[in-house]
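Please treat every number below as a calculation from the coordinates, not as lab data. Everything numeric in this text was worked out from a predicted model, so none of it was measured. Cβ: placed from backbone, ideal geometry, glycine included. Neighbour counts: every protein chain shown.
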Amino acid sequence: MRKVLQFATVISLVAFFGFLASSSTLANRDMFTEARTALGKDNVKNCKHCHVKALPKTDDHEVNALGEYLLAQKAERGADTIDVNWLKDYKEMD
């Protein structure tokens, strides 16, 4: 019985921390709204601004060059979440 409880505890912790990690990385509606505010509604029309698909799914959310930039900035800055205001600093690579 004790091993079952230990196993259940480990599985619960893994699932919980996995959820936290994925939820802080994935874009959401708030990020889209913030990006439109930061860069203008004419510049950010849909999620395709940072993703390959206009409506990415949780299990299929490939990012484009701008999305890669945001992920790199998050890692470089040691941030927990992406700040879409970093988009203002983006310079397209030649």
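What GluC sites (Glu not before Pro) does region 26-92 have in DSSP loop regions with at most 13 other beta carbons within 10 Å?
Details: sites: 34, 62, 68, 76, 92; in loops: 62, 92.
Answer in residue order: 62, 92.
Would you list, by chain and number, the lysines whose Cα falls below 29 Å from the Cα of residue 41, excluding same-chain residues fewer than 8 positions away?
Residue 41 reaches 53, 57, 74, 88, 91.
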